[in-house]
Amino acid sequence: MAASPQHKRLARLTRLERLRAIAHRQAMVAAGQAEGTLAQLQNLAARTDDLARTYAARTDADDGAALAHQGAFRAGLERIARSTAGEIDTARRIADTRAAEAAAAQRRRDAVSERVATQARAIARAHAAADTPLGARRPREENEHPREEEREDKPPLAEETPDSPIYGPLHRDWHGS
């Protein structure tokens, strides 16, 4: 049996829905990785700032060389902090972009899911309409198959008296068994 165009469309939409679901999962993974990278960089920046504050507060240099060494170390930490701040900005932009891509993938997946549901409802309505009678049967002609009670060769029903047994649905004690 050949599939109807509606069924073919539903199959294509179902495949597209699966592809959109895969794309959404991949977008969510990419967004999660970008957020993870951003969190690591923010943690690194916080630790670097703590180290820089600790070394800035030190006053235990014994001579000029130790003081110069501490100053150079502190300057290196500040460069790392500035570099990390720039990387955080970049990571934040990437994370925002990935989150937007994940949201767009979700919207695309939802749109296809709605189209699949709409197509499935249309097919169900078409099947229900095909199975539903559309109106009354045509009127019966006079000469066509008369009903049982209208047949002339049928014996008349017996009258209901206490001593005449009546069988069938006209009897008061009949319960359909």
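The values are calculated or read from the model by the stated rules, or taken from the named source; none is laboratory data. None of the values given here were measured: they were computed from a predicted structure. Here the Cβ is made from the backbone with ideal geometry for all residues, glycine too, and neighbour counts use every protein chain on show. The area values use the complete protein model at the heavy-atom level, side chains included, leaving out ligands, DNA and RNA. Shrake-Rupley method; radii C 1.70, N 1.55, O 1.52, S 1.80 Å.
Taking each residue of segment 80-104 that is without any contact (Cβ under 8 Å) to a residue 60 or more places away in the chain and looking for partners that are β-branched (Val, Ile, Thr) and open to solvent by less than 60 Å² (accessible area, probe 1.4 Å) with beta-carbon atoms closer than 9 Å, six or more apart or interchain, yields Ile80/Thr48; Ala81/Thr48; Thr84/Thr48. Taking the criterion of being open to solvent by 70 Å² or more (accessible area, probe 1.4 Å) and either modelled with pLDDT under 95 or not charged (D, E, K, R) (or both), the only residue of segment 90-111 that qualifies is Ile94. With Ala11, Ala111, Ala66, Ala45 as the choices, which residue is assigned to a helix (DSSP H, G or I) and touching a helix residue (DSSP H, G or I) at 6+ places or on another chain (Cβ under 7 Å)? After applying the criteria, what remains is Ala45. Looking only at residues of segment 55-80 that are within 51 Å of the chain's Cα centre (by Cα) and not hydrophobic (A, V, I, L, M, F, W, C), we find that the one that is surrounded by the most Cβ atoms within 10 Å (Cβ to Cβ) is Glu78. Only one of (1) over 23 Å from the mean Cα position of the chain (by Cα); (2) part of a helix (DSSP H, G or I) fails for Ala3. Which number is that? Only one criterion is unmet by Ala3, namely (2). If you scan segment 28-71, which residues turn out to be of a type in the set (A, V, I, L, M, F, W, C) and either in contact (Cβ under 8 Å) with a residue 12 or more places away in the chain or in contact with a His (Cβ under 9 Å, 6 or more places away or on another chain) (or both)? Met28, Ala30, Ala31, Ala34, Leu38, Leu41, Leu44, Ala45, Leu51, Ala52, Ala56, Ala61 - these are the residues of segment 28-71 that are of a type in the set (A, V, I, L, M, F, W, C) and either in contact (Cβ under 8 Å) with a residue 12 or more places away in the chain or in contact with a His (Cβ under 9 Å, 6 or more places away or on another chain) (or both). Of all residues in segment 18-42, those satisfying the criterion of being open to solvent by 50 Å² or more (accessible area, probe 1.4 Å) and touching a helix residue (DSSP H, G or I) at 6+ places or on another chain (Cβ under 7 Å) are Arg20, Met28, Glu35, Thr37, Gln42.
Of the residues screened, Glu87 is one that is in a helix (DSSP H, G or I), open to solvent by 50 Å² or more (accessible area, probe 1.4 Å) and more than 24 Å from Arg18 (Cβ to Cβ).
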